[in-house]
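Notes to accompany the following structure.
A short reminder: the numbers here are calculations on the coordinates, not readings from a lab. It should be emphasised that the depicted structure is a prediction, and the values quoted were computed from it without experimental measurement. Note that we place each Cβ from the backbone using ideal geometry, even for glycine, and neighbour counts take in every protein chain shown.
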Amino acid sequence: MSEFERVASVDDVPSGGRLSIFVDDIPALLVRVGDEFFAVEDVCSHDGQPLTNGPVGGDCSIICPRHGAKFNLRTGAAMCMPAVVGIATFEVQIRDGGVFARAHD
Ligand code: FES
């Protein structure tokens, strides 16, 4: 089981904001929606585009800026073409003013 590692301070990411991080040496994107934080692999499953600058949707999704594939931030599931495979998500905890993340078991 991987350990949680501190990836940011809560104050580093305003609501609606995002931050590029690494979790277990994997490039990831930390996204804040309201008071919820999500961490997802920062690579589109369609053709490898970083999702870093992709728009975040009101349905808790992120859209690949290259061809428009959409992924659920909670589950990583692909929500539309051209992606047919989801992306990895990471477990996130908030404590002591910090954001901690780890790979799912
Ligand atoms: S690389 Fe993301 S939709 Fe094509």
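Structure notes:
- Residue, nearest to residue 96 (Cα to Cα), within region 1-34, restricted to residues that are assigned to a loop (DSSP other than H, G, I, E, B) and of a type in the set (S, T, N, Q): 15
- Taken together, 58, 48 contain a single residue that is under 14 Å from residue 83 (Cβ atoms) and small (Gly, Ala, Ser), which is 48.
- Candidate set from region 18-31 (those that are out of contact with any Leu (no Cβ under 9 Å at 6 or more places or on another chain) and free of Cβ contacts under 8 Å to residues at least 60 places away in the same chain); member that is farthest from residue 53 (Cα to Cα): 25
Let's see how each residue does on (1) more than 16 Å from the ligand (Cβ to nearest atom); (2) touching a Ser or Thr at 6+ places or on another chain (Cβ under 9 Å):
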position	(1), (2)
11	yes, no
14	yes, no
26	yes, no
34	yes, yes
39	yes, yes
44	no, no
51	no, no
94	yes, no
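- Applying a threshold of 6 Å to beta carbon distances and a minimum spacing of six or more residues, or different chains, the list of pairs starting in region 61-72 at a residue that is on the phi > 0 side of the Ramachandran plot and ending at one that is more than 8 Å from the ligand (Cβ to nearest atom) is empty.
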